[in-house]
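Below: one structure, written as structure tokens.
The values are calculated or read from the model by the stated rules, or taken from the named source; none is laboratory data. From a predicted model like this one, the values you see are computed outputs, not experimental measurements. Note that each Cβ is placed from the backbone with ideal geometry, even for glycine, and that neighbours are counted across all protein chains shown. What goes into the accessible areas is simple: the full protein's heavy atoms, side chains included, and nothing from ligands, DNA or RNA. Shrake-Rupley method; radii C 1.70, N 1.55, O 1.52, S 1.80 Å.
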Amino acid sequence: MVNPNAGWKEIPWGGKIVEAGNAREYETGSWRAQQPVVDQETCINCLECWVFCPDVSIDVKDGEMVGFHLRFCKGCGICASICPVEAITMVAEAEAEGS
Amino acid sequence: MSRFEAMDGNAATAEAMRQINPDVVPAYPITPQTSTVQTFSQFVADGEVDTEFIRVESEHSAMAACIGASAAGGRVMTATSANGLALMWEMVYIAASNRTPIVMTVVNRALSGPINIHCDHSDSMGARDAGWIQLFGENPQEGYDNCIQAVRIAEHEDVLLPVMSMYDGFITSHGLERVQIEDDGAIKDFVGPFTAHEALLDVDHPVTYGPLDFYDFYMEHKRQQVEGMKHARRVILEVAADFEKRFGRHYGFFDGYRLDDAELALVVLSSTAGTARSVVDDLRSQGLKVGLLKPRVFRPFPAEELADALRDKAVVGVMDRSDSFGALGGPLFMELSAAFKIHDVPAKTVDYVFGLGGRDTTPDQIESVFRDLAGIAETGKIQQPVTYLGVRE
Amino acid sequence: MATALKLKELYKKEDRLTPGHRLCAGCAAPIIVRQILTAIDEPVVLANATGCLEVSTTIYPYTAWDVPWIHTAFETAASTISGVETMYRSLVKQGKIEDRGIKFVAFGGDGGTYDIGIQALSGMMERGHKALYVCYNNEAYMNTGIQRSGATPLGAWTTTSPVGRVIPGKPRPRKDLTAIAAAHDIPYAAQAAPHKWRDLMKKVRKAVAANGASFMNVLSSCNRGWRHETDQTIEVTRLAVETCYWPLYEVEDGEWKLTYRPKEKLPIEEFLKPQGRFRHLFSEENKHIIGQLQTGVDRKWRKLLERCGEEE
């Protein structure tokens, strides 16, 4: 990653970014006002939330939805609104942090 | 073996492009560049080049496609004139900023309006701050030679900047002259293979080109472009030296004619230098110590070298084939005046704007300029810093 | 074997658009881009017009693209990808690089596609570059703060078609860019929406397999400009399709085909109601505009059914 104080001699020419996908190092989770919470009992692992998440923030392991990447989740609530079995609910960020 | 042929500037440029054999040429026809594109189209149609030719729907798309193709990882060339260059303006800057080493022939033509298809330098002079290296050629031979050298200059790893190679519309583009065409193999050897830097097509090493660059890094990237231009000064001369070694024709930042002992010097670009040379000879035969300097490289501007070459002159007259409305004079005059100031050249300077929209410039007019310079040398007074040559009152 | 269009398979693929991009919460653009790039199994090289997607994914020195990507200007996604694709063909033909079956995709918003970039797009389609151009269409210039474009529908509020005392929103209907693209006789053109992800992905696969230029117009809700809750992004595109405001169809080698037909065509109000940009249309003096919108939708829908050989 280019150092924020890097001089012109130290950075690639022409504004090129050569570390593909380094936005993974930029956290957008702090934007969130509310946070998704999944009820694993209800979840049917259809993965619709995965395909509709704008922020690549649904954590899927071995075909099962296991939670959220809260480093990136912006709390839009799309996953909760499209979940066919209403397994996801949005809770206020302060409340979620408290629990 | 090289051969001599009667060719106009556009045919010579198309021939250079054939020999360079670029990977992609996106181009759009415009007078007076058109015959370059036509001739090159025929080379493509006949399979004489490996080039993929994109017949774009505008010059804006031509330059955008040039940038995409160059960033993809290959050699790219194009050609345009006047309004075509103006239409691609936005992309001309982006080509330089992305450090894509595109070579573009610009057949100089007056910018509209009113619309005019004949020569002046308003098109390429308007692009002088875009970050491109700019070479001006006097005749078809120089158009051919500059086009070939431009590839090496642009692609040099210390430079990586696009190059514009200019010559005068119609006068040079359509004027038949004897041109020495080098052997295909010798040109191939001279330009060498293209070396890609962070090619888009290298899918195993993905690169992001053209990101959003705010105040925290934009200035660093601009500073890098300055550095590329600094290196270009060295590289232009290195490439010229190698060119001379192989092909025998000498090139530098500029070309002097009977300049060393001259007291009065005229500075003029491109084809008009040919006319000026004969005027210099005439006046020399009358005992006037006059000389000529024809710049070849306008960007990077060889300020120090020009200052040194003109340091001991009494008066330097600049002939500008374009104007900068509301400024102190034409662009060549302003740059040279600044160079004189910075490098402590005492010579008096005066500007003559001429030949706009293809207006004929006669030997008599050039002689009148020298007579003017002689008057200034005698009286020490400049009556008029900028004169419009040959314009009716 | 292509990856099956099943979520249980697709989730295993690498993310070509990474998290950490800075598009607004609930933006449809990254959903669409992810669906498109997930549908393509081959290597890709992308071009992007200036716009929300471009600025929010590549704020230097960060990039959310894990694949080769280039942005040059607003109106140049099509011309830039033309250059990239042509260089690929040239280098492969000359044996200078290996043929990796790379797919070329350009993304542009509706401003960069319907308006300022339409000439470059038309040129790319006419020349037949083997590239897919995707318009993620949020029906206004959202990146600069919600100004009307040629894709903005009749009556919609934007900051340059404001609701005033005399003029109630945009006075003219949107243009039909998908039909304009299809009129270029390209091998593949389609309309899609992200809530029908499988339909969208199938179209992407056909588009990138086409022997020539292809075009997809994908409805992309912008909750800031459309004025709805951030979680309604997918629902609102569903309503656009169910009201036949945004029919899902494809034009393959000149053959028009509906890819989805609503069981019951909902009235246009269902699409308008959740969006603040249409709120003023529900007042007494503007209700006739809803009528005009409905008439327009009905007329286009009938025409589309006819083109697709479907019964009314």
**Asked** Ignoring ligands, DNA and RNA, what percent of the accessible area of the range A:27-98 is carbon or sulfur (1.4 Å)?
**Response** 48
**Asked** To the nearest 10 Å², what's C:Cys24's accessible area with a 1.4 Å probe?
**Response** 70
**Request:** May I ask you to list the aspartates and glutamates whose Cα is less than 18 Å away from that of B:Lys341, ignoring any residue fewer than eight positions away on the same chain?
**Result:** B:Glu304, B:Glu305, B:Asp308, B:Asp312, B:Asp351
**Prompt:** What list of ³J(HN,Hα) values in whole Hz, one per residue of the range B:346-353 in order, does the Karplus curve 6.51 cos²θ - 1.76 cosθ + 1.60 (θ = phi - 60°) give from phi, with Gly and Pro shown as x?
**Reply:** x, 4, 6, 10, 8, 10, 10, 8
**Message:** Counting only protein heavy atoms and a 1.4 Å probe, tell me what percentage of chain B's accessible area is made up of carbon and sulfur.
**Reply:** 51
**Prompt:** Which of the pairs B:Lys230/C:Lys103; C:Lys170/C:Lys303; B:Lys294/C:Lys93; C:Lys6/C:Lys287 have their Cα atoms more than 32 Å apart in this structure?
**Reply:** B:Lys230/C:Lys103; B:Lys294/C:Lys93; C:Lys6/C:Lys287
**Prompt:** Got a number for carbon plus sulfur as a percent of the range C:16-307's accessible area, 1.4 Å probe?
**Reply:** 50
**Fill in**
Whole-Å distance linking the alpha carbon centroid of the range C:17-49 with that of the range B:3-39 is 41
**Item:** Cβ-defined net charge surrounding B:Gly175, 13 Å radius [Lys, Arg +1; Asp, Glu -1]
**Value:** -4
**Request:** Would you pull out the residues with amide H under 5 Å of C:Phe215's amide H, same chain only if 5 or more places away, H placed 1.01 Å from N?
**Result:** C:Tyr133, C:Tyr188, C:Ala189, C:Ala190
**Asked** Where nothing but the Cβ of Lys and Arg (+1) and of Asp and Glu (-1) is charged, how large is the charge dipole of the range C:115-172 around its Cα centre, in debye to the nearest 20?
**Response** 100
**Complete:** The long-range amide H neighbours of C:Phe107, using H built 1.01 Å from N in the peptide plane and a cut-off of under 5 Å, are C:Ala47, C:Asn48, C:Ala49, C:Val134
**Asked** Which whole number gives the average, over all residues in B:22-34, of C-beta atoms from other chains lying within 10 Å of the residue C-beta?
**Response** 2
**Request:** Over the range C:16-307, calculate the relative contact order: mean separation of alpha carbon pairs under 8 Å at least 6 apart, over the residue count, as a percent.
**Result:** 17
**Request:** Quote the relative contact order of the range C:219-307 in percent (integer), defining contacts as alpha-carbon pairs under 8 Å separated by 6+ residues.
**Result:** 26
**Prompt:** Put simply, what bits of the range A:61-84 lose 30 Å² or more of accessible area when the other protein chains are there, versus the chain on its own (1.4 Å probe)?
**Reply:** A:Gly63, A:Lys74, A:Cys76, A:Ile78, A:Ser81
**Message:** Angle check, please: helix B:363-379 long axis (alpha carbons) against the longest principal axis of chain B (alpha carbons), in degrees 0 to 90, nearest 10.
**Reply:** 60
**Fill in**
Helix C:233-242 sits off the longest principal axis of the Cα atoms of chain C, rounded to the nearest 10 on a 0 to 90 degree scale, by 70
**Item:** Highest average packing first - B:324-330, C:261-267, Cβ atoms within 10 Å
**Value:** B:324-330, C:261-267
**Request:** Pull up all non-local amide H partners of C:Phe74: gap of 5 or more, or a different chain, and H-to-H distance under 5 Å with H placed in the peptide plane.
**Result:** C:Thr50
**Asked** In degrees between 0 and 90, to the nearest 10, how far off the longest principal axis of chain C does helix C:118-127 point, with axes built from Cα atoms?
**Response** 40
**Message:** Please list 3J(HN,Hα) in residue order for the range A:77-92, calculated via the Karplus relation 6.51 cos²θ - 1.76 cosθ + 1.60 where θ = phi - 60°; whole Hz, with x for glycine and proline.
**Reply:** x, 4, 4, 5, 6, 9, 4, x, 10, 6, 7, 10, 10, 9, 10, 4
**Prompt:** If you take the beta carbon distance between B:Asp312 and B:Tyr218 as r and set R0 to 35 Å, what does 1/(1 + (r/R0)^6) give as a FRET efficiency, to the nearest 0.05?
**Reply:** 0.25
**Fill in**
Across all Cα atoms of chain C, Rg and the largest Cα-Cα distance (Dmax), in Å, are 19.1, 68
**Average partner coverage of B:326-338, which counts Cβ from other chains inside 10 Å** = 0
**Asked** GNM on chain B, C-alpha springs below 10 Å: top fluctuator among B:Val239, B:Val151, B:Val226?
**Response** B:Val226
**Asked** Under a 1.4 Å probe, what is the accessible area of the range C:66-137 per residue, stated in Å²?
**Response** 26
**Asked** How high is the relative contact order of chain A, in percent, counting Cα pairs under 8 Å that sit 6 or more residues apart?
**Response** 32
**Prompt:** Expressed as a fraction of 2.2 N^0.38 Å, the rule-of-thumb size for a compact globular protein of N residues, what is the C-alpha radius of gyration of the range B:3-247?
**Reply:** 0.95
**Asked** Could you give me the ³J(HN,Hα) list for the range B:102-107, computed from phi with Karplus coefficients 6.51, -1.76, 1.60 and θ = phi - 60°, whole Hz, x at Gly and Pro?
**Response** 7, 10, 10, 7, 10, 7
**Prompt:** Which pairs in the list C:Lys175/C:Lys202; C:Lys13/C:Lys273; C:Lys130/C:Lys257; C:Lys130/C:Lys175 are over 28 Å apart, alpha-carbon to alpha-carbon?
**Reply:** C:Lys13/C:Lys273
**Asked** What is the local net charge at B:Ser324, summed over the other residues whose Cβ is closer than 13 Å to its Cβ (Lys, Arg +1; Asp, Glu -1)?
**Response** -4
